[in-house]
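Heads up, the thing below is written out as structure tokens.
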Amino acid sequence: MKITGETKVIGIFGYPISHTLSPLIQNAALEALGLNYIYIPFEVKPNNLESAVKGMQALGLAGVNVTVPYKEAVIPFLDEIDIDAELIGAVNTIVNKNGRLKGYNTDSPGYIRSLHEDAGFAPKGKTILVIGAGGAARGIIAGLFLNGASEIIIANRTIEKAEEIRLNYAERCRSKHIQIKTASLSYLKDPQILSSVDLIVNTTSMGLEGVAPDVDFASTSPHVLISDIAYKPPVTQFLKKAQGAGRKTLGGLGMLVYQGAISLEIWTGQKAPVEVMMNSLRAFLNE
Ligand code: ATR
């Protein structure tokens, strides 16, 4: 990588930031495209977020990703946000266009692109069970909603959080003829419901605790797709159980790569080299 007087700077704001895989994926892509950009991790300490965002304008950064814990907190400092970011209430990508900052959320279209490209699944007209109602679930639900799912069931341990998301969509659902329902985790064992679902996606952080949502996979339709947005390990315990029951599965690596690919496309206007990005990630994770 050659840095010159014309190199454009992009990067990622977060705290902590050392865990991020984005510099690895993005710099591999920029190099493959031969673009004179560099992607840098920025550790932005709490209380410094506003000055960091203003610094983008002052220093002429072309754009940044935003990660935990700033995806929501960054919104008041932006000039504009797009529809995904508005529905989710979170921004993971900012582009600096002549000093005007626009926020996007590429987690949501990133998941949808992974569904299409990696699993041949189109959400339009489908019934989908989303497990979890945290920040990640909000991104997935927005993508499914915007891409025409006919029914979304949100199952969560804390039902109030699922209900909060449902209410946020109530008005929009009426005009789009989409149904959003909420359920407790006991729903994951209801054969009548499970057999009618086309996609089940685990968005919970349960995997970090070494457990997985207790879905009765034997009661699901043989055509169902089972997806987990976690990517470490690439085949999570949840997906292993689904595979054991003979179900098709989709891991979280694709979503990670595609959200990065869409960010890159927003910043540079070039088609992202998805293969290169995926290979850099796989090599790092020793797959
Ligand atoms: P993220 O941003 O990764 O979505 P989050 O907003 O903290 O993280 O949300 C975590 C999700 O995992 C929530 O839906 C949470 O359920 P609650 O809303 O009831 O907290 C779910 N979750 C985490 N650990 C869980 C567990 N042991 N059992 C069931 N659900 C769990």
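The values are calculated or read from the model by the stated rules, or taken from the named source; none is laboratory data. Quick caveat, the model's predicted, so the values are computed rather than measured. Note: ideal-geometry Cβ built from the backbone for every residue, glycine included; neighbour counts use all protein chains shown. Ligands, DNA and RNA are excluded from the accessible area calculation, which covers all protein heavy atoms including side chains. Shrake-Rupley method; radii C 1.70, N 1.55, O 1.52, S 1.80 Å.
Some observations on this one:
- Cα Rg, Dmax, the stretch 131-287, angstrom units: 16.5, 47
- When the residues 82, 216, 228 are ordered by accessible surface, computed with a 1.4 Å probe over the protein chains alone, the sequence from largest down reads 216, 82, 228.
- Within the shell defined by Cβ-Cβ distances under 13 Å, the residues around residue 110 carry a net charge of -4, with Lys and Arg each +1 and Asp and Glu each -1.
- On a per residue basis, the chain carries 47 Å² of accessible surface, using protein heavy atoms and a 1.4 Å probe.
- Rh (Kirkwood; distinct C-alpha pairs) - the stretch 77-210, Å: 15.5
- Take the Cα of residue 181, go 7 Å toward its beta carbon, and the backbone nitrogen atoms of the stretch 109-139 under 14 Å from that spot belong to 127-130.
- Calculated from backbone phi, Karplus (6.51, -1.76, 1.60) coupling profile of the stretch 238-251 in Hz, x at Gly/Pro: 4, 6, 4, 5, 5, 5, x, 8, x, 8, 6, 10, 9, x
- Checked against a 32 Å cut-off, the cross-linked pairs 176/241; 181/240; 45/241 give Cα-Cα distances beyond that limit for 176/241; 45/241.
- For the pair the stretch 179-195 and the stretch 21-89, the centres of their Cα atoms are 37 angstrom apart.
- Bridgeable aspartates and glutamates around residue 124 (alpha carbons under 19 Å apart, same-chain partners fewer than 8 residues away excluded): 84, 107, 151, 198.
- Accessible surface of the stretch 71-121, 1.4 Å probe, proportion on carbon and sulfur as whole %: 44
- Think of each Lys and Arg Cβ as +1 and each Asp and Glu Cβ as -1; about the Cα centre, that makes the dipole of the stretch 1-160 roughly 140 debye.
- Residues of the stretch 262-284 with an amide N closer than 12 Å to a point placed 7 Å from the Cα of residue 243 along the Cα-to-Cβ direction: none.
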